[in-house]
Amino acid sequence: MKFVFITGGVVSSLGKGLTSASIGALLEQQRFKVGMLKMDPYFNVDPGTMNPCQHGEVYVLNDGAETDLDLGHYERFTHATLSRKNSVSSGQIYSAVLQKEREGAYLGTTVQVIPHITDEIKRRIQLCATENVDVLLVEIGGVVGDIEGLPYLEALRQWSQEKGRENVVFVHLTLLPYLRVSSELKSKPSQQSVAELRKIGIQPDILVCRTEIPMDASIREKLSLFCNVPLASVIEERDVQTSTYELPLRLHEQKLEERLLSHLHLPYTEKPLSIWEDILHRIQSPKATVTIGVIGKYTEVQDAYKSIDEALVHAGIANECKVVIRTLDSEALESDGTENVLSGLDGILIPGGFGLRGLEGKIRAIRYARERKVPFLGICLGMQLVVVEFARNVLGYADACSTEVNPQTTCPVIDQMESQKKSCGKGGTMRLGAQPCILTPGSRMESVYGERVISERHRHRYELNSMYADALEKAGLHLVGHHETSHIVEAVEIREHPWFIGVQFHPEFQSKPYAPHPLFVDFVRASRVNQPQK
Ligand code: GLN
């Protein structure tokens with residue numbers, strides 16, 4: 001078993017997740033089976049309790065694990081099988097150690113960071129080093145120099161000692177700041193970051209440098225000399241021009257995987273990267289442009305709806321069109337004049353969400369899409385609000401609401417699931433992960449999927465209240481997807497509309513650039529067809 005450890009230097013948000021995912025993709029092209037593990041030094045047990053504005057979207061796996069959004073990059077770029085054990089945090093590590101201590105498992109010894117925390121970190125790495133993995137990639141969250149990241153680096157150092165240096169490669173992703181006034185790239189922060197790693201006993205083997213402009217020979221030489229990395233292992237990662245799916249190609253051009261495999265004493269074979277070339281070619285040569293409005297409340301950050309953005313890009317690839325995503329703040333739609341903001345959109349999407357803020361704006365946007373016959377996709381909260389809007393404006397139930405935001409409503413069309421009423425506490429307590437869903441024969445949903453039984457991932461506490469099912473159906477909101485064994489409504493649609501679907505699950509988590517999700521593909525197709533003739 002071989003290991004690739006990826007650390008980050010200088011600043012956070014450098015794209016370590018994307019770089020790790022791209023390395024995974026390159027190794028898969030070389031026919032290696034890759035495993036992916038993210039280790040985050042924060043103390044939340046998982047990101048499930050974190051605000052998307054702070055940490056980006058919460059990505060949900062098939063087994064219901066609420067994980068860091070980097071796991072989304074891993075699933076989009078590689079075929080690695082991911083589950084709960086592939087997303088580790090200090091919260092989990094320390095809880096496990098403390099629990100063992102209470103059980104008396106340490107037999108009277110003093111419990112310390114070294115060896116107890118580091119042993120637990122190594123145990124978690126070992127758990128991912130399964131038989132069906134040739135190379136395990138481990139990405140350490142945060143930046144080298146963070147206090148809470150130290151135990152991880154120490155564990156990696158020990159690991160490379162124990163497993164043998166020929167079985168481990170250290171990749172350090174760093175930033176070369178560009179000083180515009182003097183038109184130069186600076187190497188000092190990277191030198192310092194590598195010095196910090198060396199202090200712990202880790203010598204990076206490969207340096208991947210984020211940069212705005214091309215690196216010239218002199219800066220490469222300087223980095224090689226001061227960071228003690230061979231010249232050919234100083235890799236440039238320039239800001240991509242069109243899409244992040246460019247990244248595997250750019251890294252391949254610089255022979256990143258060849259360097260990596262030579263460190264690991266594994267064979268490298270020259271192979272074309274046809275999948276990624278094809279994806280990029282399609283992204284770069286669109287035949288049309290479709291504008292989709294994503295109406296949410298976590299709009300001030302880039303990554304809050306990451307998987308939705310990516311799924312729309314994938315659907316664009318499938319439809320040979322460029323999807324322009326306009327992220328709109330639902331609170332801004334709460335006052336009059338909604339139409340100005342919404343006109344000009346070819347399709348409207350309401351993503352998942354929680355709480356009251358911006359809710360009425362989303363409901364207005366749904367009404368607009370329904371009445372003006374604009375293609376519409378509602379996801380999770382988006383579907384729940386479809387039901388609220390329909391109940392209020394078609395059935396005339398003025399007080400209709402979800403009990404999540406109005407527990408006193410006389411018309412609780414969306415109500416807490418029975419199973420959730422008993423659950424207390426936050427974090428891992430929602431209805432989570434993949435569930436089978438049966439689609440109604442003859443529905444648009446069935447024709448979009450081309451299947452009657454589907455499996456999709458969930459993350460919610462509330463559901464359509466079955467007391468209102470008949471009334472909604474009779475008035476034209478068809479309940480076309482049900483959980484396999486319970487009454488839970490998983491999908492609704494309006495037939496007398498060009499394209500109007502709401503789903504209780506999150507299809508965005510299963511879309512890949514080379515396997516776009518049918519629901520997004522058909523939504524974008526309909527949005528394109530529905531465009532006013534220009
Ligand atoms: N807040 C809603 C619920 O808990 C929707 C959740 C979501 O959109 N992920 O049911």
- Residues within the range 19-78 that are under 15 Å from the mean Cα position of the chain (by Cα), closer than 22 Å to Asp146 by Cα and among the hydroxyl-bearing types (Ser, Thr, Tyr), tallied: 3
- Expected single match for part of a helix (DSSP H, G or I), at pLDDT 95 or above and either in contact with a Gly (Cβ under 9 Å, 6 or more places away or on another chain) or surrounded by 19 or more Cβ atoms within 10 Å (Cβ to Cβ) (or both) among Leu27, Leu98, Leu37 is Leu27
- Query: Out of all the residues in the range 306-357, which are more than 26 Å from Pro532 (Cβ to Cβ), within 16 Å of the ligand (Cβ to nearest atom) and assigned to a loop (DSSP other than H, G, I, E, B)?
  - Reply: Gly352, Gly353, Phe354, Gly355, Leu356, Arg357
- Query: Name the residues in the range 496-518 that are basic (Lys, Arg) and modelled with pLDDT under 95, would you?
  - Reply: none
- Query: Which ranges mark the helices (runs of 4 or more DSSP H) fully within the range 247-296 that have 3 or more residues being in contact (Cβ under 8 Å) with a residue 24 or more places away in the chain and either more than 19 Å from Lys512 (Cβ to Cβ) or of a type in the set (S, T, N, Q) (or both)?
  - Reply: 256-263
- Message: Restricting to the range 478-507, name every residue that is within 16 Å of the ligand (Cβ to nearest atom), open to solvent by 10 Å² or more (accessible area, probe 1.4 Å) and touching a residue at least 40 places away in the same chain (Cβ under 8 Å).
- Response: His483, Ile488, His506
- Query: Which one of Gly48, Gly72 is under 24 Å from Leu312 (Cα atoms), open to solvent by 10 Å² or more (accessible area, probe 1.4 Å) and not in a loop (DSSP other than H, G, I, E, B)?
  - Reply: Gly48
- Query: Can you tell me which residues in the range 221-268 are modelled with pLDDT under 95 and among the β-branched types (Val, Ile, Thr)?
  - Reply: Val240, Thr242, Thr244
- Task: Only residues that are hydrophobic (A, V, I, L, M, F, W, C), closer than 22 Å to Val489 by Cβ and open to solvent by less than 60 Å² (accessible area, probe 1.4 Å): list them for the range 344-380, please.
- Result: Ile348, Leu349, Ile350, Leu359, Ile363, Ala365, Ile366, Ala369, Phe376, Leu377, Ile379, Cys380
- Which residues, counting only those in the range 519-534, are at pLDDT 95 or above and open to solvent by less than 50 Å² (accessible area, probe 1.4 Å)? Leu519, Phe520, Val521, Asp522, Phe523, Val524, Ala526, Ser527
- Under the condition of being part of a helix (DSSP H, G or I) and without any contact (Cβ under 8 Å) to a residue 24 or more places away in the chain, which residue from the range 120-156 is farthest from Ile93 (Cα to Cα)? Ile147
- If the Cβ limit is 6 Å and pairs must be 6+ apart or interchain, which residue in the range 335-363 that is within 19 Å of Val324 (Cβ to Cβ) pairs with which residue that is within 16 Å of the ligand (Cβ to nearest atom) and part of a loop (DSSP other than H, G, I, E, B)? Pro351/Tyr305
- Task: Select, from Arg461, Arg444, the only residue that is open to solvent by 50 Å² or more (accessible area, probe 1.4 Å), in contact (Cβ under 8 Å) with a residue 40 or more places away in the chain and of a type outside the set (A, V, I, L, M, F, W, C).
- Result: Arg444
- What do you reckon, is Glu162 under 23 Å from Phe3 (Cα atoms), outside any loop (DSSP other than H, G, I, E, B) and acidic (Asp, Glu)? yes
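The values are calculated or read from the model by the stated rules, or taken from the named source; none is laboratory data. Quick caveat, the model's predicted, so the values are computed rather than measured. Note that we place each Cβ from the backbone using ideal geometry, even for glycine, and neighbour counts take in every protein chain shown. All accessible areas refer to the heavy atoms of the entire protein, side chains included, with ligands and DNA or RNA removed. Shrake-Rupley method; radii C 1.70, N 1.55, O 1.52, S 1.80 Å.
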